Amino acid sequence: MLTKEHIDDLLNKNGNILSADGGKIGSLGQVYADDDNGQPTWVTARTGLFGTSESFIPLEGARLEGSDIVVPYTKDQVKDAPRVDAEGHLDPSEEDRLYEHYQLQGNVTYTEAASGHRADSGRAAEQSAARHSATERDAGFAAAGGGGTYSAADDRIARDASRLADGDAMTRSEERVNVGTERQATGRARLRKYVVTENVTQTGPVQREEVRLEREPITEGNRDDALRGPDLGEAEHEVVLHEERPVVDKEAVPVERVRLDTETVTDEMTVDEQVRKERIEADGVEDTRR
């Protein structure tokens, strides 16, 4: 069980909020305590880009694991919790919405009585009234200006206020912005191969035969060949002509290999965040600084 004695140590270690299976839900943000007894009851987990979003998680059933807090809830359950501004105090209506989401019913176990009323409704009313009636007697909260948020700064302010009565010094603190990064998927790329059709034109030589008429006179050398045939009569002589036709043959051949690769590039991103600073004023004391 987490107690207020653990708070200073947890907030100073910048731990994380873990789910029951060990997965990271977010970084540790703020711890909220009960106005009546000062015991921590809520914690916020900073999620989103650079931790700009805070989700409330009840500390009932939570346990410590080093500098981290392990809660009995899943990351999706925390992400779907009602949006509540982490502005220093939880209104009863906001707290009831959160209890309903986490199925805790206002941190009170309700049972149905025979009359049909909730047997512990009086106890729930007392706890609701206690959340409204925080006074400056609550150690650590009056010095912080009221509200239901318990933090290491609030406890330190209370201690500083008590030491001032003995003439001790007051510590001035301020918030610092720590910007980190987280890796997340932004897109997917894949290779896909498909077939297209193109026209290919090639020019090459082809041969063909043509008929040409040749006449030669009768000479002593060819006279015998010329006189072998009939003296007079009809005759025919046939010549077969040839030509070349193009023959097309296609084959698939590999031409290149393509693969996907990734490279890391560095961009500059500006983060604009508000931080709080403490100022110290002295009443009735002359400032001697030079």
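The values are calculated or read from the model by the stated rules, or taken from the named source; none is laboratory data. It should be emphasised that the depicted structure is a prediction, and the values quoted were computed from it without experimental measurement. Neighbour counts run over all protein chains shown; Cβ positions are idealised from the backbone, glycine included.
When Glu244 is tested against (1) surrounded by 10 or more Cβ atoms within 10 Å (Cβ to Cβ); (2) within 30 Å of Arg192 (Cα to Cα), exactly one condition is not met: (2).
When you check Gly61 against the structure, is it modelled with pLDDT of 85 or more, closer than 28 Å to Asn12 by Cβ and in a loop (DSSP other than H, G, I, E, B), yes or no? So Gly61 passes the test. For Val247, the test of being in a loop (DSSP other than H, G, I, E, B) and farther than 30 Å from Ser27 by Cβ is passed. With respect to Gly22, is the statement that it is out of contact with any Gly (no Cβ under 6 Å at 6 or more places or on another chain), without any contact (Cβ under 8 Å) to a residue 60 or more places away in the chain, more than 19 Å from Leu98 (Cβ to Cβ) and outside any helix (DSSP H, G or I) true? Considered against the rule, which asks whether it is out of contact with any Gly (no Cβ under 6 Å at 6 or more places or on another chain), without any contact (Cβ under 8 Å) to a residue 60 or more places away in the chain, more than 19 Å from Leu98 (Cβ to Cβ) and outside any helix (DSSP H, G or I), Gly22 comes out as yes. Condition check: in a helix (DSSP H, G or I) and within 24 Å of Glu214 (Cα to Cα). Does Asp231 satisfy that? Answer is no for this residue.
Per the listing Ala169, Ala235, Ala226, Ala165, the residue uniquely out of contact with any His (no Cβ under 8 Å at 6 or more places or on another chain), aliphatic (A, V, I, L, M), at pLDDT below 85 and surrounded by 10 or more Cβ atoms within 10 Å (Cβ to Cβ) is Ala226.
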